[in-house]
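Student: I have a structure here, written as structure tokens, and I will follow up with some questions on it.
Throughout, read-outs are computed from the coordinates displayed, never taken from laboratory work. Note that this is a predicted model, so its numbers are computed, not measured. Glycine gets a Cβ as well: all are built from the backbone with ideal geometry, and neighbour counts include every protein chain shown.
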């Protein structure tokens, strides 16, 4: 990356990564409604502008979270989102990922490109050491995504998260900065 990135923190060949904005409420909610069949039962992103604003506000102001949209560079439309939740500093330097692509962008490799950009930001400017992704065992696409990005399976947690009205089992996948030395900030 070099030169002016425009609104993006990082760019790849097809996507740019930028922070959430309250101005994205209408587009994000519309994309979430269009993607309902793709997302459920794995995740439930906000489907109204009001719900989006409630969802996005903590991602913008809370220092224990960092929310990012990935947008297609050709046209700038929102293709999906990647959030780092539960950021812990000190000796842990860790966060938990939450992410999703919208239906129009699914299966095109855009989320993988965005995840690579996010890893560079997390292990670079954010100076994190570890990222974890908790994935329901039946979500084959999500498992393949993190595997391609260098995450390793670390364990299984029954009834870990309450999603869609039920406690769901999750596999715990993680990666650390030392597995991506080209991305990590020197400490």
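Student: Using a Förster radius of 22 Å, what is the FRET efficiency between residue 103 and residue 178 based on their Cβ-Cβ separation? Nearest 0.05, please. Walk me through the numbers on the way to the answer.
Tutor: Values: r = 36 Å, r/R0 = 1.62.
The calculated FRET efficiency here is 0.05.
Student: Please state the relative contact order of the chain as a whole percent: Cα pairs under 8 Å, 6+ residues apart?
Tutor: Working: 342 pairs, mean separation 34.2, N = 187.
Across the chain, relative contact order equals 18 percent.
Student: Follow-up. For the chain, what does the helix formula give at 222 nm: sum of -39500 (n - 2.57) over DSSP H segments with n ≥ 4, over the residue count, nearest 500 deg cm²/dmol? List each step's numbers first, then the result.
Tutor: Numbers: 5 runs with 50 residues, N = 187.
That comes out to -8000 deg cm²/dmol.
Student: Could you put 15, 146, 88 in order, starting from the residue whose Cβ has the fewest other Cβ atoms within 10 Å?
Tutor: With the sparsest Cβ surroundings first, the list reads 88, 146, 15.
Student: For 111, 11, what's the fewest-to-most ordering of other Cβ within 10 Å of each Cβ? Could you put the intermediate results ahead of the total?
Tutor: Working: 111 26, 11 18.
Listing 111, 11 from fewest to most nearby Cβ atoms yields 11, 111.
Student: Residue 34 to residue 144: extension gain in nm, 0.36 nm per residue of separation minus the Cα-Cα distance? Intermediate values should be presented prior to the final figure.
Tutor: Numbers: separation 110, 0.36 × 110 = 39.60 nm, distance 2.33 nm.
That pair, residue 34 and residue 144, stretches by 37.3 nm at full extension.
Student: Separation between the residue 44 and residue 162 pseudo-spin-labels, each 7 Å from Cα along Cα→Cβ, expressed in nm?
Tutor: Once both label points are built, they end up 1.1 nm from each other.
Student: While we're here: If you average the C-alpha positions of segment 115-153 and of segment 14-65 separately, how far apart do those two centres end up, in angstrom?
Tutor: Going from one Cα centre to the other spans 19 Å.
Student: Once Rh for segment 10-179 is found with the Kirkwood sum over Cα pairs, what is the Stokes-Einstein diffusion coefficient at 20 °C and 1.002 mPa s, in µm²/s? Walk me through the numbers before you get to the answer.
Tutor: On the way: Rh = 16.2 Å.
Calculated translational D: 132 µm²/s.
Student: Give the value in nm², to one decimal: projected area of the alpha carbon convex hull of segment 66-165, averaged over all directions.
Tutor: It is 7.3 nm².
Student: Label-point separation (nm) for residue 21 and residue 60, each offset 7 Å from Cα along Cα-to-Cβ?
Tutor: It works out to 1.0 nm between the two label points.
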